[in-house]
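The values are calculated or read from the model by the stated rules, or taken from the named source; none is laboratory data. Because the structure is predicted, anything quoted here is derived from the model rather than measured. Heads up, the Cβs are rebuilt from the backbone with ideal geometry, glycines too, and the neighbour counts pull from every protein chain shown.
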Ligand code: CA
């Protein structure tokens, strides 16, 4: 097969006019299963014409809706990398009506290093959308996903855990958006993904994420935060695997009825993080001793933990209180915190008002 560039462009000399420096051998419209790579040019000492090969699978079963599943956007979040690559190997195009594009390890250099930030350019991939065709490694790749992949899909699931620095309640997540119909449709998607919780959230820095890219394209989208602390949670892998398959069933891409049962009974619990009042930011540098774990019920004014100052051993630790009632969405994993770091995020039952 001939190597083709993204789209039918010619590459001009100016960084402002070419479409992408990334090339690949995939045909997104061709029926069948293709396991391949996006080749991102990465000239380096000892490798003038080197590329970094980002794994990508396309399973195309002809007419029908299209889904994008991404994992490893952060390299220290592992459940999505496992679940999506396993699904890509297993899916049979004969049982697919529509198309599934899967990138199990989007920021492959970060995934191989077990890091959040990309070791090539020092960036957080999930702060790079919509990217830049003439930019750094992450910016080039972000631009390709924004321009060549996102426009062709109807639904996007970006599988995250909370990485080395935090642990999350087992949940899918979605942004507050202005359109109430989009909120309801996205909550329905989340209920069919069927993590124990779905959190409609206000985020600290969300404009350049994969989810924001999906929203720009009118693509129905959720992300997840299943576990964290830089390890693989067995129950989180199962939630991701069942959730992705559930979404394919709900979209009619594969046959079957989603299994949305919960161990505690009922359905996915719909939650929210409405604004920054739900965040507990560190008041100073220190060693944080939390008195809570994810999903725990807490009350406003209750003691959240202590900030210790180990270099001033005679100084009493500083008590820190929860700002509102609710349940722990995010717990810290890093021990040492800097002033302004997030030490906890609190979720509450969803209410639209
Ligand atoms: Ca993440």
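In the set 242, 231, which member is under 19 Å from residue 169 (Cα atoms), in the same structural domain as residue 106 (by TED's automatic domain parsing) and within 16 Å of the ligand (Cβ to nearest atom)?
Answer to the check: 231.
Are there strands (runs of 3 or more DSSP E) fully within region 237-353 with at least 2 residues that are farther than 23 Å from residue 204 by Cβ? List them.
Those strands (runs of 3 or more DSSP E) span 303-308.
Tell me, yes or no, whether region 266-277 has at least one residue that is touching a residue at least 40 places away in the same chain (Cβ under 8 Å) and farther than 24 Å from residue 157 by Cα.
Checked against the condition, which is being touching a residue at least 40 places away in the same chain (Cβ under 8 Å) and farther than 24 Å from residue 157 by Cα, region 266-277 yields at least one hit.
Return yes or no: is residue 142 within 14 Å of the ligand (Cβ to nearest atom) and surrounded by 24 or more Cβ atoms within 10 Å (Cβ to Cβ)?
no
Can you name every residue in region 199-232 that is under 15 Å from residue 155 (Cβ atoms) and outside any helix (DSSP H, G or I)?
Hits for region 199-232 are 217, 218, 219, 220, 221, 222, 223, 224.
Collect the residues in region 149-172 that are in contact with a helix residue (DSSP H, G or I) (Cβ under 7 Å, 6 or more places away or on another chain) and part of a strand (DSSP E or B), keeping them in residue-number order.
155, 156, 157, 158, 159, 170, 172
Looking at 61, 72, which is the one that is within 16 Å of the ligand (Cβ to nearest atom), touching a residue at least 12 places away in the same chain (Cβ under 8 Å) and more than 18 Å from residue 151 (Cα to Cα)?
Answer to the check: 72.
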